[in-house]
Amino acid sequence: MEKCPHLGKLVFEQAKKYGEKIALRYRNNELKKWESVSWNQFAEDVKLLAKAFLDLGIKKQENVAMFSQNRYELVASDFALQTIHGVAVPMYATSSVDQVLYFVEDAEIKFLIAGDQLQYDVAMEVLKKSNHLKTIIAVSENIDLRGNVDAIRYKCLMEKAKNLSNDDDVQECLDTLSFDDLATIIYTSGTTGVSKGVMITHSNYDETMRIHDIRVDCINENDVSIAFLPLSHIFERAWTYFCLHRATRVD
């Protein structure tokens, strides 16, 4: 069984192998139809986002909030952060202003990715109260930015990235990826008190991939996995990584 590469390299390595084969399918709520994403397109989007995030000033091992329902853009952003040594901090899409504010302040988050209007409006309230949050990235094209000068549209980031000349910076990040890097902080439910941020390194994910390769060796590129749990849940998050490692299509 071939070892899983560092997650920051995974999409690029799979694109070399599988090219135009479908990697993911997702429901485009704006167009009200299902869309397919090839491995080549996936890799291109991750590269553009990595360039855009570096241009925004996201530093190595900086925490970035991901506040959204499951969306393709969320997955691409996650892998882009991993490419540049960033740390994804996923939050449930139904989290309240107080909950998000706590996460943002605790993890000292400057950048937050908001999926839809609901999450954007919550983030706007957090922005008013936070000592750390500076920029909201709005994913859905239907989001009303409400005149917020501290908001950036995801689509605009992607378009700008096409003209950026920082490919060497992205490559430098890829060349220096480490399994010792922090990959994710997932906050607990808070049922036993204040939520705790669980720090998950790339070596943690690497061991998960290794043991799953041994124990769940039956899935492959001919299979399809349905992402029914939110990606803010560690089970769905780690399972989706494993499926992409095995080139199993994720819907």
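A few notes on this one:
- The chain: calculated mean residue ellipticity at 222 nm from DSSP helix runs of at least 4, using -39500 (n - 2.57): -13500 deg cm²/dmol
- Linear extension gain, CYS156 paired with ASN28, 0.36 nm per residue minus alpha-carbon span: 44.3 nm
- Put the Cα centre of segment 48-71 next to the Cα centre of segment 183-251 and the gap is 19 Å.
- Probe 1.4 Å - accessible area at LEU229, Å² to nearest ten: 50
- Heavy-atom accessible surface of the chain: percent carbon and sulfur, 1.4 Å: 51
- Å² of accessible area per residue within segment 63-214, as computed with a 1.4 Å probe and no ligands counted: 45
- Multiplying the residue separation of ILE226 and ASN204 by 0.36 nm and removing their Cα-Cα distance gives an extension gain of 5.6 nm.
- Working ranking of peptides 13-24, 50-61 by packing, defined as the average number of other Cβ atoms within 10 Å per residue, highest first, is 50-61, 13-24.
- Volume per residue that the Cα convex hull of segment 53-174 spans, once the total is divided by residue count, Å³: 94
- Accessible surface of ASP121 - all protein chains present, 1.4 Å probe, nearest 10 Å²: 50
- Neighbours of ARG249, meaning other residues whose beta-carbon lies under 15 angstrom from its beta-carbon, give a summed charge of 0 when Lys and Arg score +1 and Asp and Glu score -1.
- In this structure, the amide hydrogen of ALA183, modeled 1.01 Å from its nitrogen in the peptide plane, lies closer than 5 angstrom to those of ILE200, THR201, HIS202, counting only residues at least 5 positions away or on a different chain.
The values are calculated or read from the model by the stated rules, or taken from the named source; none is laboratory data. This is a predicted model, so every value here is computed, not measured. Note that we place each Cβ from the backbone using ideal geometry, even for glycine, and neighbour counts take in every protein chain shown. In case anyone asks, the SASA skips ligands and DNA or RNA and just uses the protein heavy atoms, side chains included. Shrake-Rupley method; radii C 1.70, N 1.55, O 1.52, S 1.80 Å.
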